[in-house]
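Working notes for the structure below.
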Amino acid sequence: MARYLGPTTKIARKFGDPIFGASKSFEKKNYPPGQHGQMKKRRKKSEYGIQLMEKQKAKYTYGLLEKQFANTFKKAVSQKGITGEILLQLLEARLDNVVFRLGIAPTRRAARQLVGHKHITVNGNIVNIPSYSIRPGDIVGVREKSRSLEAIADSLSSRSASAYSWLEWDKDNHKGKFLNYPERDVIPENIKEQLIVELYSK
């Protein structure tokens, strides 16, 4: 399966949640996509269906393929602690997600593109792998030659002043520090990770 590059609002409507960020189109059509839209009666989902939907939601939110997501889950299982929380922490520590959270890119999709085009550095070295795992203490920055890019400048200019508690941004040097893996209660994504754990436990 190739990475999904279609309309994001259609996917957000499928889950009933603006997983790709605020969208006027989503607000206008806040009901499932399809020919009959609001009129179609939906059958009650099975327990498996609910769990699968939650996994798909997490997968689309963070922009992973099926195999990538499954491998991330296996990594979470192998670590000590609450599997669901560790899973989200590993997803949050992906380089593309950190670039997005720092405000260098407006979306995760845009962040992946910046990483892939070698505009991003980790501890001073260019890294072009979106799935690269950031560790506490790592410094993620914009390559000096790329700081004048309009897309990056526009994103940073509209960056929210209320940074995430696990990240620290140095405005003057276009760099951010990954302080620690975030606790579950500060991760803003509306994902029921326990349902994902139950799905993979079957």
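The values are calculated or read from the model by the stated rules, or taken from the named source; none is laboratory data. Keep in mind that this is a model prediction, so the values were computed, not measured. Methodologically, a virtual Cβ is constructed for each residue, glycine included, from the backbone with ideal geometry; neighbour enumeration extends over all protein chains shown.
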* **Selection count, region 87-110, where residues are in contact (Cβ under 8 Å) with a residue 40 or more places away in the chain and either crowded, with 23+ Cβ neighbours inside 10 Å or in a helix (DSSP H, G or I) (or both)** => 16
* Restricting attention to region 175-202, and to residues there that are part of a loop (DSSP other than H, G, I, E, B) and under 15 Å from the mean Cα position of the chain (by Cα), which single residue is surrounded by the fewest Cβ atoms within 10 Å (Cβ to Cβ)? -> PRO188
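Which of the following residues is at pLDDT 90 or above, under 13 Å from the mean Cα position of the chain (by Cα) and more than 30 Å from SER157 (Cβ to Cβ): LEU65, LEU95, LEU91?
Working: LEU95 fails: more than 30 Å from SER157 (Cβ to Cβ); LEU91 fails: more than 30 Å from SER157 (Cβ to Cβ).
Criteria check complete, one pass: LEU65.
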* Assuming TRP169 fulfils every condition listed in (1) in contact (Cβ under 8 Å) with a residue 60 or more places away in the chain; (2) under 25 Å from LYS59 (Cβ atoms); (3) of a type outside the set (Gly, Ala, Ser) apart from one, which condition is it? -> (2)
* Could you please tell me which pairs satisfy a Cβ distance under 7 Å, a separation of 6+ or placement on different chains, a first residue in region 111-135 that is in a loop (DSSP other than H, G, I, E, B), and a second residue that is among the acidic types (Asp, Glu)? => ASN123/ASP138; PRO130/ASP96
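Listed here are the residues, each with its yes/no results for (1) over 21 Å from the mean Cα position of the chain (by Cα); (2) crowded, with 19+ Cβ neighbours inside 10 Å; (3) part of a loop (DSSP other than H, G, I, E, B); (4) at negative phi.
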position	(1), (2), (3), (4)
ALA151	no, no, no, yes
ARG159	no, no, yes, yes
TYR164	no, yes, yes, yes
TRP169	no, yes, no, yes
ASN173	yes, no, yes, yes
